[in-house]
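Let me begin by presenting the structure, written as structure tokens, before commenting on it.
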Amino acid sequence: MKGYDLFELAVRNLRQSKLRNGLTTVGISVGVASLVAMLSLGVGLQQLATRRLAGSGMFDTVFVTSKQDFRGFDREDDQKTEHPENAPVLDEPARDAMTHLQYVTEVEPEIRVMGEIVSGGQTHFGFVTGLPMSARENEAFDNLQGKFFSGPSAEEVILLNDFAKEIDPKDPKELIGQEVTLRYGERQALAPDSESAGRPQLAGTPGGGSNSASGDDFGFSVVRKTQKLKVVGIIEEEPYGGMRTVSRGRIFLPVDLTEKLNMAQFTDMRSSLRGGGGKTYMTLTVRVKDPGKVAQVQDAINKMGFRTFSVLDATKSLRRFFTVLDLFLGIFGSLALAVATLAIINTLVMAVLERRREIGVMKAIGASDRDVKRLFFAEAGAMGFFGGVLGIALGFAIGKAINVGTGIYLHRHQLPSEAVWILPPWLIGAAIAFSIVVSLLAGLYPASRAAKLDPVQTLKYE
Amino acid sequence: MDSVPSSRVPPAVQTANVCRYYPMGGGIIRAVDGISLTIERGEFVALLGQSGSGKSTLLNLLAGLDRPSSGSVTVQGRDLAKMSSEELAAYRRNDVGMVFQAFHLIPSMTITENVELPMRFAEVDRAERGQRVRESLEQVGLGKRLEHRPSELSGGEQQRVSLARALANRPSLLLADEPTGNLDSRTGEDILNLIRDLSLSLGMTVVMVTHERALAERFAQRLVFLGDGKLLSQEALA
Ligand SMILES: Nc1ncnc2c1ncn2[C@@H]1O[C@H](COP(=O)(O)OP(=O)(O)O)[C@@H](O)[C@H]1O
Ligand SMILES: [Mg+2]
């Protein structure tokens, strides 16, 4: 028998006992709905958690340091590295190489220098930090007052609320739009022959005291500089600051501007001591396209000879947690579908009993056992399909209700509403397919029973 | 029988010592017990005998609906006893048409749909079916109320529909189990007239079970008498 004939006969048979098959189909749809509602709750919760974590900017980030710095941070590592002095430094070429690694979207130096803001004749001390434009996505900017930087090298500043209060205790918001002066130390390279005469030296230079045999007497001086900046915004918390305990940044500049200003950093001193005057970084922050690729990027950077750190392990256990949660929700949701399976078996067994004679007639006029079997399969599959579609609609309605319910709850607790229930398209397809497969399995026994019926017995004239 | 000239067309159906036993309690029931029968092409044969003599059982063996316990049933040179159930189904849908005492139409289907059903199993093209349904219904003299359900028709009309359904796949063998059993005598005669005419015009072999000797004598070319599953006697009519 051809497919369309099979389908046509199956549907007309189903319509023959509308109430019974309708109820069975509704039963399947309730099963599918509960499965869909549970699984999409799992998906929703997982996405919510990932959203929150991604917002913290920690899960797609690899922090890179040179093995020359922070010795003892990782003992084991240090023992393996026999001569940490020979480990590569985080210089411009290294940064460039990391930028070109696969999955890396951004490599930003962590610039953190001491500076002073001069406003209204008063001076306020604080750490200056450079922020990439991507920091806009960080959750620290969720309740930004004012605006974000207009460009990566705009002469603008964003202040931490605490710091702004220090400047203007009455109304820190007043600062937004005002101009302030940043005082900082600029790193200025010295020509090898220069004796650096007449310059105010704030930091050490090998200068005349150098007795370097190689004649490497390259150095730099730090010059006090000022830069006018417009205050554009105020934030409550430092972005990416979650892991920092000391030297909390309070003054934020666009990262390119910070680099252009050429502020003197701690590492400058170290590199001048080591000689070979290139600029080096203390820490580079490598941002990865997708948290799932962090391990790969971390590996690649480790191979370059640097020390890396990420919060990858935390996401791993989080993923494991959600796999278990999904499993539980799935099992719970499947219970209703299991009951629906029994309903299908029951309905079809009854149909076989009722249609004994009809099955005999069909065989007498040429239906094969296989045709009969396929017909009952088609009926089971059709019920599964319609039940699946109806179940998706029902599950969708339940999910919407969950979202509205949690929305009201969160609102009452003055929290922003969140979609805890998300129905991804793959789940729609998977649920309908699953419903059909389960129905076909349920049809296995009734269909083979129908196929085995002896036509001679069923056609006996009583 | 053994001296049949080889130039003659092979018989339509030939059974050789065919048996069909049913286990019953401790013993067995010999529903068909060693019947050897040859039916020629285009022949109209009536199977006669008392109730329980094995007529229906023999007919079902010829139809490939049932398998013999022993012996053979040969149709067109092929032994039905040796065919797979799939092959038997193909034989039933392509070579055999069946008509029953109880009509056995599918009550939920219209007349047209009932006649179309065997063509679905035979995978006849959709486009061709409508034409063939009309043709079959014309052959049995039905042109009206084709979209009605069987229950809305008289017994005679229902038997015509079931005859049309039997003809749908253009079989070479028509098997009828007491086709007049549920009809009054006039309607029964009409149906038998129809069957005889179709047999003659289409060259179709007919085997009909009946227990009404008078009717059988009027329409059949040969009478075969069964008793206790055995072939008692045969009688050729002019
Ligand atoms: N399935 C069965 N089980 C046991 N006995 C059966 C079965 N079918 C038929 N019989 C017996 O076989 C014999 C022949 O039956 P049947 O061919 O229907 O007779 P008829 O059609 O001539 O009235 C009867 O005695 C009947 O009881
Ligand atoms: Mg009988």
With unit charges on the beta carbon (Lys/Arg positive, Asp/Glu negative), name the residue among B:Ala164, A:Ala264, A:Ser417 whose Cα is farthest towards the positive pole of the charge dipole of the protein assembly as shown.
B:Ala164
Once the Cβ-Cβ distance between A:Glu236 and A:His100 is put in as r, and R0 is 41 Å, what FRET efficiency do you end up with, to the nearest 0.05?
0.70
Put a dot 7 Å past each Cα toward the Cβ at A:Ala295 and A:Lys228; how far apart are the dots in nm?
5.4 nm
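Can you give the relative contact order of chain B as a percent, counting alpha carbon pairs under 8 Å and 6+ residues apart?
RCO, chain B: 28 percent.
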Magnitude of the Cβ-charge dipole of the stretch A:303-462, K/R +1 and D/E -1, about the Cα centre, nearest 20 debye?
420 debye
Given a Förster radius of 35 Å and the C-beta distance between A:Ser417 and A:Arg248 as r, what FRET efficiency does 1/(1 + (r/R0)^6) yield to the nearest 0.05?
0.65
Straight-distance crosslink candidates among aspartates and glutamates, where the alpha carbon sits under 13 Å from A:Lys170 and sequence neighbours closer than 8 are dropped
A:Asp162
On a straight-distance basis, which lysines could pair with A:Lys67 in a cross-link, Cα separation under 19 angstrom, same-chain partners fewer than 8 positions away excluded?
A:Lys80, A:Lys279, A:Lys303
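Here are some pairs, A:Lys173/A:Lys230; B:Lys55/B:Lys144; A:Lys173/A:Lys228; A:Lys452/B:Lys230; which of them have Cα atoms lying more than 24 Å apart in this structure?
Listed pairs above 24 Å: B:Lys55/B:Lys144; A:Lys452/B:Lys230.
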The stretch B:54-161: relative contact order in percent, alpha carbon pairs under 8 Å with at least 6 residues between:
24 percent
About the Cα centre, and with charges only on the beta carbon of Lys, Arg (+1) and Asp, Glu (-1), how big is the dipole of the protein assembly as shown? Nearest 20 debye, please.
1720 debye
Estimated distance in nm for a label pair at B:Arg149 and B:Ser201, the labels positioned 7 Å out from Cα along Cα-to-Cβ:
3.2 nm
What residues have an amide H closer than 5 Å to that of B:Lys230, excluding those fewer than 5 places away on the same chain, when H is modeled at 1.01 Å from N in the peptide plane?
B:Asp33
Among B:Leu62, B:Ile28, B:Gly49, which residue has its Cα furthest toward the positive end of the charge dipole of the stretch B:1-105, with +1 on Lys/Arg Cβ and -1 on Asp/Glu Cβ?
B:Ile28
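At a Förster radius of 25 Å, what calculated FRET efficiency corresponds to the Cβ-Cβ distance of A:Ser317 and A:Glu139, to the nearest 0.05?
Efficiency computed from Cβ-Cβ geometry: 0.75.
Since every read-out is calculated from the coordinates, none of them should be taken as a lab result. Values in this document were obtained by computation on a predicted structure and should not be read as measured data. Note that each Cβ is placed from the backbone with ideal geometry, even for glycine, and that neighbours are counted across all protein chains shown.
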